[in-house]
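*Asks:* Below you will find the structure I want to go over with you.
Read-outs: derived from the displayed coordinates by stated rules, not from any lab. All of these numbers come straight from a predicted model, not from anything done at the bench. So basically every Cβ, Gly included, is an ideal-geometry build from the backbone, and we count neighbours across all protein chains shown.
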């Protein structure tokens, strides 16, 4: 595919995503002004919804509604790179793989925006019964990257994708067969076959919190401790936003 056709393809995809965001998911943006106009920043969001619908909506919303139309590079789990076509398209659209932390540090040092999900696949597969309950953020690797590059962390709370893709159960035998971390069962999947992959029309709200400064550790031995504390702070901010805005929704998120 030549560069002109590739650019046209992505313009069409971007327009289609923008249309769905406005009219199907009715995306509401809160605090978008907290995404800096210039310089690098690490956007850290909660993860849920079976497939990375949250990534698509965050990347599209920032590009289309930020005053400077900034590009967000999402960190994609290596699971996506195994998917034919989608993996290649993800790479072409500017996503970086979780297995390549050097690329993340390079983008941040170059002043780019990078989107990460500290919960990882644990967030995607946690199930509807645990909706909007943040999973463990791990040892704070994302916070250590922000500290090493001197970039702020912008907490992002995503509300609505848990209803768009309500995961009722994890079919572990199928997951083992397909070598996947989980095999979701939803009200429509696998009952409706491939049609079950279509999301339900839940209203999505994206809440961008105030940037949190990531100061370099004073001592090399203190990096792990300081990163863990910073990760805990980010997690607390996101959970508070989730608790606040989930409680304000009408009709269980479909109103």
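*Asks:* In deg cm²/dmol and to the nearest 500, what is the mean residue ellipticity at 222 nm of the chain if only DSSP H runs of at least 4 residues count, each as -39500 (n - 2.57), divided by the residue total?
*Replies:* Working: 10 runs with 102 residues, N = 255.
Mean residue ellipticity at 222 nm (helix-derived): -12000 deg cm²/dmol.
*Asks:* Return one quarter of the surface area of the convex hull spanned by the alpha-carbon atoms of the stretch 7-58, equal to its mean projected area, in nm².
*Replies:* Details: hull surface 19.9 nm².
In nm², the orientation-averaged hull projection of the stretch 7-58 is 5.0.
*Asks:* To continue, here is another question. How large is log10 of I(q)/I(0) for the chain at q = 0.11, 0.13 Å⁻¹ when the intensity is taken from the Debye formula with one equal scatterer per alpha-carbon?
*Replies:* -0.59, -0.84
*Asks:* Something else: How far apart, in nm, are the 7 Å Cα→Cβ label points at residue 249 and residue 221?
*Replies:* My value for the distance between the label points is 4.7 nm.
*Asks:* Let me ask something else about it. Once a ≥ b ≥ c are taken as the square roots of the eigenvalues of the Cα gyration tensor of the stretch 152-255, is the result rounded (a/c under 1.5), prolate (a/b larger than b/c) or oblate (a/b not larger than b/c)? Please list the in-between numbers first.
*Replies:* Details: a/c = 3.62, a/b = 1.55, b/c = 2.34.
Oblate.
*Asks:* Please compute the modelled spin-label separation between residue 37 and residue 239, points set 7 Å along Cα→Cβ, answer in nm with one decimal.
*Replies:* The modelled label-to-label distance comes out at 3.6 nm.
*Asks:* What percent does the relative contact order of the chain come to when contacts are Cα pairs within less than 8 Å and at least six residues apart?
*Replies:* 26
*Asks:* So how much slack lies between residue 65 and residue 128, counting 0.36 nm per residue of separation and subtracting their Cα-Cα distance, in nm? It would help to have the intermediate numbers written out before the result.
*Replies:* On the way: separation 63, 0.36 × 63 = 22.68 nm, distance 3.01 nm.
Answer, rounded to one decimal: 19.7 nm.
*Asks:* Now, a different point. How high is the FRET efficiency from residue 170 to residue 200, r the C-beta distance, R0 22 Å, rounded to 0.05? Display every interim value, and only then the final one.
*Replies:* Details: r = 19 Å, r/R0 = 0.86.
In this case the efficiency is close to 0.70.
*Asks:* Please say if the stretch 155-211 is rounded, prolate or oblate, where rounded means a/c under 1.5 for a ≥ b ≥ c the square roots of the C-alpha gyration tensor eigenvalues, and otherwise the choice is prolate for a/b larger than b/c and oblate otherwise? Before the final figure, lay out the partial values.
*Replies:* On the way: a/c = 3.55, a/b = 1.71, b/c = 2.08.
In terms of gyration-tensor shape, oblate.
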